[in-house]
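Notes follow the structure.
The values are calculated or read from the model by the stated rules, or taken from the named source; none is laboratory data. Owing to the predicted nature of the structure, the values given are computational and were not obtained by experimental measurement. Positions of Cβ are generated from backbone atoms using ideal geometry, with glycine treated the same way; all protein chains shown enter the neighbour counts.
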């Protein structure tokens, strides 16, 4: 019987500081308003990291919660794979800092940089390692501190992002019930690197919003169809869409494409803003914790980010 990568637990972590649209505009003297931000993005507020809140500390807390919900001890983890575009240092990797904070002393850890698609990339890598026996239990974490690379005078970007972390515990299991990751699908096209990028290594972030939106709708639609076709499934087989939380218009467009009612699309962008590689695992953790996503549900994850990178994962929860 083939091994499957099964999600055993999910967890999330958000900074303590919550900043509304009005507060953000006033704090930075931005020529914008709550109505302007809501209309264009669906965002009402975001969490921003304070002193002492780092990519490693938030990632470790999200991982602790995922491990607790899975009933798995840190000693059982043999791989820590972290998706982040905002590491705490060039090296060591954020993953090894998280290892230390959790007390994980076996196996290996490394970071993945694929911007907002990072969690999907990290999930695909972990899945391949578990299927081939290189690991038996993996933590896959997305953690970001975008507030430290933003231009706070650029209203077109700084209002869109927030900080946070999300994590899942993957365990290699032999399954007869179809549970686990069914397939992952990754893409990149460096010809479009300039439409969403960070200048140098410390910022600020720059984005051509209209170009990103155009590519997002087209490329996400294609990769969603690719994932379903790879598994011989129709769109109506999907129980839940957990999309990258960048913009409510893109999220709604993908829900309509799948024929899913709004209540079957997990949305956190209104409260979290765009947390980049953390957005998909944060949204997944919330929907699992509140009981919306249940065992046996078919869940589709998708994301697009700087690179351009994009991808999808289909799993039976």
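General observations
- Scanning the range 144-152 finds no residues that are under 25 Å from residue 225 (Cβ atoms), more than 19 Å from the chain's Cα centre (by Cα) and not in a strand (DSSP E or B).
- For residue 106, the conditions (1) surrounded by fewer than 20 Cβ atoms within 10 Å (Cβ to Cβ); (2) assigned to a loop (DSSP other than H, G, I, E, B); (3) at pLDDT 95 or above are fulfilled apart from (3).
- Test for residue 122: is it surrounded by fewer than 17 Cβ atoms within 10 Å (Cβ to Cβ), closer than 18 Å to residue 315 by Cβ and either touching a helix residue (DSSP H, G or I) at 6+ places or on another chain (Cβ under 6 Å) or modelled with pLDDT of 95 or more (or both): no
- In the range 142-160, the residues that are surrounded by 17 or more Cβ atoms within 10 Å (Cβ to Cβ), farther than 16 Å from residue 36 by Cβ and in contact with a helix residue (DSSP H, G or I) (Cβ under 8 Å, 6 or more places away or on another chain): 142, 143, 144, 145, 146, 150
- Test result for residue 29, on the phi > 0 side of the Ramachandran plot and exposed (fewer than 14 other Cβ atoms within 10 Å of the Cβ): yes
- Any hit, the range 210-217, residues being modelled with pLDDT of 95 or more and within 26 Å of residue 151 (Cα to Cα): no
- Residue within the range 66-83 that is surrounded by fewer than 16 Cβ atoms within 10 Å (Cβ to Cβ), in contact with a helix residue (DSSP H, G or I) (Cβ under 8 Å, 6 or more places away or on another chain) and without any contact (Cβ under 8 Å) to a residue 12 or more places away in the chain present: yes
- Exactly one residue among 100, 65, 46 is closer than 23 Å to residue 306 by Cβ and at pLDDT 95 or above, and that residue is 46.
- Exactly one residue out of 186, 139, 170 is at pLDDT 95 or above, in a strand (DSSP E or B), more than 26 Å from residue 15 (Cβ to Cβ) and touching a helix residue (DSSP H, G or I) at 6+ places or on another chain (Cβ under 8 Å), and it is 186.
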